[in-house]
Amino acid sequence: WFQALVQPTGARAQAMASTAPLRDAERGALNVADPAPPASPRTAAKSAMLLQIGLLGFFTLTRAIHPLIIGKTKVGGKYPHEPITVPLMECILTLVVAQAMTLMNGGLEQWKAIWDPKPMSVFSVIGFLYAFGDYLELKSLGSLSGPTYQVLSQSKLLITAGMLYGFKGQKQSPLQWILLVLLMLSLCCYSIMGDLLDSHRKLQRDSTWKAPEGGGSAFGTFMAVLKVVVSCLCAVLSDKYMKDYKSEPIYMQLVQFKVVWAITLTVLMFIEANPVRDGVFHEWKPVTVAALVSFTVKGWSTMYLLAILDSMLKNIGEACSVLVIYFIVVFHVSFDDEYENETFITVLVVFLSVVAYLAAKDVSTKADKYDRMQLKGNVP
């Protein structure tokens, strides 16, 4: 997609193609230097690697900062504004920008192609699921902190493994299942450790404090896991149908996603609040605008960066965001969290469990390939 952005198209490309190169005499008269020789394969490979590292860092940072910004919009543990209005405004903004890009690049004909019933119906269903995922995300972050939410999001590896087996029959090796169980246990340890440390800190401040029965933490955890399930389903469906309609530019597909996405969020907004009485922008503050920017950057980067980063790098970026978000809340002056050995060790265990599972995938694939070759007698 990056090449598509910088490559001339349409009339400009035809004009450049039809322009004859300068003759040698004209070069001398105009003092025009000969074109630079093409970069060596080593230089090109190094540039590609640096680009991937930069994009991976950007992807990791956006995944780490997003839940923190949403958490900062809360006052006293609650949203002063209606939280659904933030992703709703992002949908409207994306619809305007994406349609403008369609008209600028493809004209009215390409804009009309957006509303083709076949792709529109497919992406509308996925857009409805994405909207429900936004709702679950905001509900879970209303009860959980940003770091806890990001750690629980790593359960997507287990859920994705189950979906791949159910939809595609893709099996996991015994080693991979062991590492997935290890990951789930490490997530449980992190959740339990977080609750224990939080209760300990509150008891130190107030000796009469008692832990509430049930609590919002369990509700937030349930919403976070449900959000992961919906996100994994959306990822599987998006990957399949965006490839089926790969002839459409991504900005066209964004419009097809966002129409029903925006309608669903509007319905949820009227169910959750009274925007006619209070107004859509009731209690919006600068940090709420920052959350809108975060939703927009996350949405666009997800569509474009995942076209460059393979699934392995994406999952590594998600795992690294767990560490990044922990260090931000511990060392940044705007957060009051303190460094605790217990929390850091459990976060590190979650991170290493994810990395171990991702590394085992390549090993398991090679081992399975070797076993099949050995059965055929191709190897001693």
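The values are calculated or read from the model by the stated rules, or taken from the named source; none is laboratory data. Note that this is a predicted model, so its numbers are computed, not measured. Neighbour counts are summed over all protein chains in view; Cβ atoms, including those assigned to glycine, are modelled from backbone coordinates with ideal geometry. Accessible surface areas use protein heavy atoms only, side chains included; no ligands, DNA or RNA. Shrake-Rupley method; radii C 1.70, N 1.55, O 1.52, S 1.80 Å.
On the given criteria, is LYS243 open to solvent by 30 Å² or more (accessible area, probe 1.4 Å) and either closer than 28 Å to ASP116 by Cα or outside any loop (DSSP other than H, G, I, E, B) (or both)?
Taking the combined requirement at face value, the residue satisfies it.
Which residues, counting only those in the stretch 167-215, are assigned to a helix (DSSP H, G or I), small (Gly, Ala, Ser) and at pLDDT 75 or above? Walk me through how you get there before you give the answer.
So in the stretch 167-215, the residues assigned to a helix (DSSP H, G or I) come out as 167-168, 174-205, 215.
Now drop any that are not small (Gly, Ala, Ser), which leaves 186, 191, 194, 199, 215.
SER186, the sole residue that qualifies.
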**Item:** Residue list for the stretch 244-302, filter: in contact (Cβ under 8 Å) with a residue 40 or more places away in the chain and aromatic (Phe, Trp, Tyr)
**Value:** TYR245, TYR251, PHE257, TRP261, PHE281, TRP284, PHE295, TRP300
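Residues to consider are GLU82, GLU90; find the one that is outside any helix (DSSP H, G or I) and closer than 30 Å to TYR326 by Cα.
Numbers: GLU90 fails: outside any helix (DSSP H, G or I).
None of the others qualify; the one that does is GLU82.
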**Item:** Enumeration of residues in the stretch 280-298 that are over 17 Å from THR266 (Cβ atoms) and part of a helix (DSSP H, G or I)
**Value:** PRO286, VAL287, THR288, VAL289, ALA290, ALA291, VAL293, SER294, THR296, VAL297, LYS298
**Request:** Identify the residue in the stretch 263-289 that is open to solvent by less than 40 Å² (accessible area, probe 1.4 Å) and modelled with pLDDT of 85 or more and, among all such residues, is nearest to LEU88 (Cα to Cα).
**Result:** LEU265
**Prompt:** Within the stretch 335-380, can you find the residues that are in contact (Cβ under 8 Å) with a residue 12 or more places away in the chain and polar (S, T, N, Q)?
**Reply:** THR343, THR346, SER353, SER364
**Asked** Given LYS112, LYS139, which one is of a type in the set (D, E, K, R) and touching a residue at least 60 places away in the same chain (Cβ under 8 Å)?
**Response** LYS139
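So, LYS112, is that one at pLDDT below 90, more than 30 Å from PHE281 (Cα to Cα) and out of contact with any Cys (no Cβ under 6 Å at 6 or more places or on another chain) or not? It would help to see each step written out before you state the result.
Numbers: at pLDDT below 90: no; more than 30 Å from PHE281 (Cα to Cα): yes; out of contact with any Cys (no Cβ under 6 Å at 6 or more places or on another chain): yes.
So LYS112 does not fit the description; no.
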**Request:** Please state which of the following conditions LEU136 fails to meet, knowing it meets all the rest: (1) assigned to a helix (DSSP H, G or I); (2) open to solvent by 10 Å² or more (accessible area, probe 1.4 Å).
**Result:** (2)
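Given the criterion at pLDDT 75 or above, open to solvent by 30 Å² or more (accessible area, probe 1.4 Å) and under 19 Å from the mean Cα position of the chain (by Cα), identify the matching residue among PHE331, PHE351, PHE295. Walk me through how you get there before you give the answer.
Numbers: PHE331 fails: under 19 Å from the mean Cα position of the chain (by Cα); PHE295 fails: open to solvent by 30 Å² or more (accessible area, probe 1.4 Å).
Being at pLDDT 75 or above, open to solvent by 30 Å² or more (accessible area, probe 1.4 Å) and under 19 Å from the mean Cα position of the chain (by Cα) holds for just one of PHE331, PHE351, PHE295, which is PHE351.
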**Request:** Using the structure shown, decide if VAL350 is under 15 Å from LEU182 (Cβ atoms), touching an Asp or Glu at 6+ places or on another chain (Cβ under 8 Å) and of a type outside the set (Lys, Arg).
**Result:** no
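Would you mind finding the one in MET163, MET101 that is farther than 29 Å from PHE270 by Cα and modelled with pLDDT of 85 or more? Before the answer, list the steps.
Working: MET163 fails: modelled with pLDDT of 85 or more.
Going through MET163, MET101 in turn, the sole match is MET101.
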